[in-house]
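Novice: Once you've had a glance at the structure underneath, I'll fire off some questions.
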Amino acid sequence: MPPGCRFFPGLVRYDEVTAGKIQHAFRFTLPRTSAAFTPPASHDAATSSDPTAPPMGMRIRLKSSYDISGFDANMQVILTAMQKYGLILADNGSALYVTGASDSRWGSDLETLKTVPASAFEVVQMNPVYTNASAPTGAAPTISSFTASPATVSSGGTVTLAWTTDNATYNIVSPGAGAVRGTSIIVNPTATTTYTLFSTNQFGRTTSTVTATVQ
């Protein structure tokens, strides 16, 4: 999501919202960032020399005390995820702009998120914060395997996605699953779907894909 990371996993996706649960952080933008970064960002994209400007990769979270009851059901799903998983500063752009995956079904729904004030968010502790001069170097994670079993199912059938990784800080499966723990998840594709595993640490990101065919 931040510079050096994939764009798609941090988007707000319509299908996740209508499913009633989102299990990952969102990407957001700010107009001013410093020449510094914090994981999962891998480098900065500085627009300001102000030392108080935030580093790329900064994580914020919607305060648990913020009342979301006045929003419609779909927006409450998004806001609940913001309270649990937070948002990650991923690029320079409009102030507190949260990006939705392109989908004609959105309408103007996401516009209501703009009514949430900046004061409703809190910054999650950032450690470490790097400059380009102090950033450590090392190897990106390795993915030994990423499989779908069975590889062919009927619509809505159960498929187990399983993976083996090494030296990963966190893993994301897209589409649908989001951030995952452990070494497997169950999905129920209704159409032939290619799943991507994003395995990330502070040095980089490795990807692998597998296709579940629906007959």
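Novice: Report the equivalent ellipsoid semi-axes for segment 111-215 in whole Å, largest first, defined as the square roots of five times the eigenvalues of the gyration tensor built from alpha carbon atoms.
Specialist: Working: eigenvalues 201, 101, 20 Å².
Computed over segment 111-215, the values are 32, 22, 10 Å.
Novice: Expressed in whole Å with the largest first, what are the equivalent ellipsoid semi-axes of the chain derived from the C-alpha gyration tensor as the square root of 5 times each eigenvalue? Numbers along the way, then the final one.
Specialist: Details: eigenvalues 176, 117, 33 Å².
Ellipsoid semi-axes (Å, largest first): 30, 24, 13.
Novice: So, one more: Can you compute the equivalent ellipsoid semi-axes for segment 1-118, i.e. the square root of 5 times each eigenvalue of the Cα gyration tensor, sorted largest first and rounded to whole Å? Each step should come with its number before you reach the end.
Specialist: Values: eigenvalues 126, 45, 31 Å².
Taking √(5λ) for each Cα gyration eigenvalue gives 25, 15, 13 Å.
Novice: Moving to a separate point now. Could you work out the local net charge near Thr193, counting Lys and Arg as +1, Asp and Glu as -1, over the other residues with Cβ closer than 15 Å to its Cβ?
Specialist: Details: positive: Arg13; negative: Asp15, Glu16.
Here the charged neighbours net out to -1.
Novice: In the calculated pair distance distribution of segment 166-214, what percentage of Cα-Cα distances lie above 14 Å? If you can, show how the numbers build up before the last one.
Specialist: Numbers: 586 of 1176 pairs.
Pairs farther apart than 14 Å: 50 percent.
Novice: With only alpha-carbon atoms counted, please give the Rg and Dmax of segment 26-69, in Å.
Specialist: 12.6, 39
Novice: Give the distance, in whole Å, between the Cα centre of segment 18-33 and the Cα centre of segment 121-196.
Specialist: Centre-to-centre (Cα) distance: 17 Å.
Novice: Given H placed 1.01 Å from N in the peptide plane, which residues other than close sequence neighbours of Thr165 have an amide H under 5 Å from its amide H?
Specialist: Ser144
Novice: In addition: Past the 17 angstrom mark, what percentage of all C-alpha to C-alpha distances in segment 106-146 do you count?
Specialist: Working: 564 of 820 pairs.
The answer is 69 percent, as a whole percent.
Novice: Let me ask something additional. Please get the size of the charge dipole for segment 1-99, origin at its Cα centre, with Cβ charges of +1 on Lys and Arg and -1 on Asp and Glu, quoted in debye to the nearest 20.
Specialist: 200
Novice: In vacuum, with every alpha carbon of segment 54-149 counted as one equal point scatterer, what does the Debye formula give for log10 I(q)/I(0) at q = 0.16, 0.18 Å⁻¹? Two decimals, please.
Specialist: Log10 of I(q)/I(0), two decimals: -0.85, -0.96.
Novice: Return the sequence-ordered ³J(HN,Hα) values of segment 175-192 in whole Hz as given by the Karplus equation 6.51 cos²θ - 1.76 cosθ + 1.60 applied to θ = phi - 60°, using x for Gly and Pro.
Specialist: x, x, 6, x, 5, 10, 10, x, 10, 6, 9, 10, 10, 9, x, 9, 8, 3
Novice: With +1 on each Lys and Arg Cβ and -1 on each Asp and Glu Cβ, how big is the dipole of the chain about its Cα centre, in debye rounded to the nearest 20?
Specialist: Details: 13 positive and 12 negative charges, 48 e Å.
Around 240 debye, computed over the chain.
Novice: Cross-link partners among aspartates and glutamates for Lys63, C-alpha distance below 14 Å, same-chain residues fewer than 8 apart left out?
Specialist: Hits, sequence-local ones excluded: Glu122.
Novice: How large is the accessible surface per residue of segment 129-215, computed with a 1.4 Å probe and reported in Å² as a whole number?
Specialist: Values: 4380 Å² over 87 residues.
The answer is 50 Å² per residue.
Novice: Something else now. 7 Å from Cα along Cα→Cβ at both His43 and Gln125: what's the point-to-point distance in nm?
Specialist: Those two pseudo-labels are separated by 3.0 nm.
The values are calculated or read from the model by the stated rules, or taken from the named source; none is laboratory data. Only a predicted model underlies this, so the values are computations on that prediction, with no experimental measurement involved. Using ideal geometry, Cβ is built from the backbone for each residue, glycine included, and neighbour counts are taken over all protein chains shown. For the accessible areas, the whole protein counts, side chains as well, though only heavy atoms, and no ligand, DNA or RNA atoms are used. Shrake-Rupley method; radii C 1.70, N 1.55, O 1.52, S 1.80 Å.
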